[in-house]
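First up is the structure itself, then whatever we jot down about it.
The values are calculated or read from the model by the stated rules, or taken from the named source; none is laboratory data. Just so it is clear, the model here is predicted, and its values are computed rather than measured. Note that we place each Cβ from the backbone using ideal geometry, even for glycine, and neighbour counts take in every protein chain shown. Protein only, heavy atoms only, side chains kept; ligands, DNA and RNA dropped before computing areas. Shrake-Rupley method; radii C 1.70, N 1.55, O 1.52, S 1.80 Å.
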Amino acid sequence: MSGEILVKAVDVCKSFGDFKALDNVSLEVRKGEVACIIGPSGSGKSTFLRCINLLERIDSGAIWANGELIGYRRDGDRLHELSDAEIARQRRGIGMVFQRFNLFPHKTALENVIEGPVQVLRENPKAAREHALELLARVGLADKSGNYPAELSGGQQQRVAIARALGMRPALILFDEPTSALDPELVAEVLDVMNDLAASGMTMIVVTHEMGFARNVSHNTAFMDGGRLIEYGPSVRVLTRPENRRTADFVRAVQR
């Protein structure tokens, strides 16, 4: 890891009606760091990721990513919401891999990976194709480039989704429970790709229930509950010697 802070959240709040999904969440992630977020369902983990990637607008607080204030432009003491075009530009540097793979069903694996670089980044189609083939090989799918999503297993589809995120050359990738929709025997192939990304120095924020990945691969782990960040620190400490009783109860329950 470098000393550079790539993501910084300060007192982030987000509500849906009367439900407070995020309650003053503050967090820092450095360049090259893998940070995991764990916690029970409904604790605000996925909402927090969606706020970083501007899929949800925060109600208060602030998030910086890649050196920019996310979703807003500061003019003196005033903040102005960014336009859709400006938001799209900010999103380019932040990849996201979802629980459900969200691949285009009518496009092959290769076409799914090429789509963003060609249409959004305006890359040369030939260069984008070459890069996409390299990425599919990196995730172990060199022989599946011509296959459609329906012809791939869930693990293979998720690996295509990871290659697609990498195709945009992001500085940061967000993973929202990337293995939760997979059959147990397919989980390892996706985690192997994520391990490789972590080893290469990719900055990653991962919402997960995979405690082994959090303990062995991530640098820091956050525990969230009820929209609040309860504990955050080095993964080995948080997962083996948590300071908060609620964290300890959760870790004990999921590791049974």
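Things worth noting here:
- Residue check for residue 222: under 20 Å from the mean Cα position of the chain (by Cα), at pLDDT 95 or above and closer than 19 Å to residue 9 by Cβ: yes
- Within segment 69-113, the set of residues being of a type in the set (A, V, I, L, M), at pLDDT 90 or above and not in a helix (DSSP H, G or I) comprises 69, 70, 94, 96, 97, 103.
- Boolean, residue 166 is surrounded by 20 or more Cβ atoms within 10 Å (Cβ to Cβ), more than 20 Å from residue 100 (Cβ to Cβ), among the hydrophobic types (A, V, I, L, M, F, W, C) and at pLDDT 95 or above: no
- Of the residues making up segment 44-68, those that are among the polar types (S, T, N, Q), modelled with pLDDT under 95 and more than 23 Å from residue 4 (Cβ to Cβ) number 1.
- Residues in segment 164-189 that are aliphatic (A, V, I, L, M), over 14 Å from the mean Cα position of the chain (by Cα) and assigned to a helix (DSSP H, G or I): 186, 187, 188.
- Pair list, Cβ < 8 Å and 6+ apart or interchain, from segment 170-184 residues that are open to solvent by less than 20 Å² (accessible area, probe 1.4 Å) to residues that are aromatic (Phe, Trp, Tyr): 176/98; 178/98
- Taken over segment 52-90, the criterion of being among the hydrophobic types (A, V, I, L, M, F, W, C), within 16 Å of residue 11 (Cα to Cα) and in contact with a helix residue (DSSP H, G or I) (Cβ under 8 Å, 6 or more places away or on another chain) is satisfied by 58, 63, 65, 70.
- Within segment 135-146, residues that are within 16 Å of residue 191 (Cβ to Cβ) and free of Cβ contacts under 8 Å to residues at least 60 places away in the same chain reach partners that are part of a helix (DSSP H, G or I) and among the small types (Gly, Ala, Ser) with beta carbons closer than 8 Å, at six or more positions or on different chains, in the pairs 138/163; 139/163; 141/109; 141/163.
- Selected residue (criterion: most open to solvent (accessible area, probe 1.4 Å)) from residues of segment 91-140 that are closer than 26 Å to residue 32 by Cβ and of a type in the set (Asp, Glu): 134
- Failed item in (1) of a type outside the set (D, E, K, R); (2) open to solvent by less than 30 Å² (accessible area, probe 1.4 Å); (3) not in a loop (DSSP other than H, G, I, E, B), with residue 61 passing the rest: (2)
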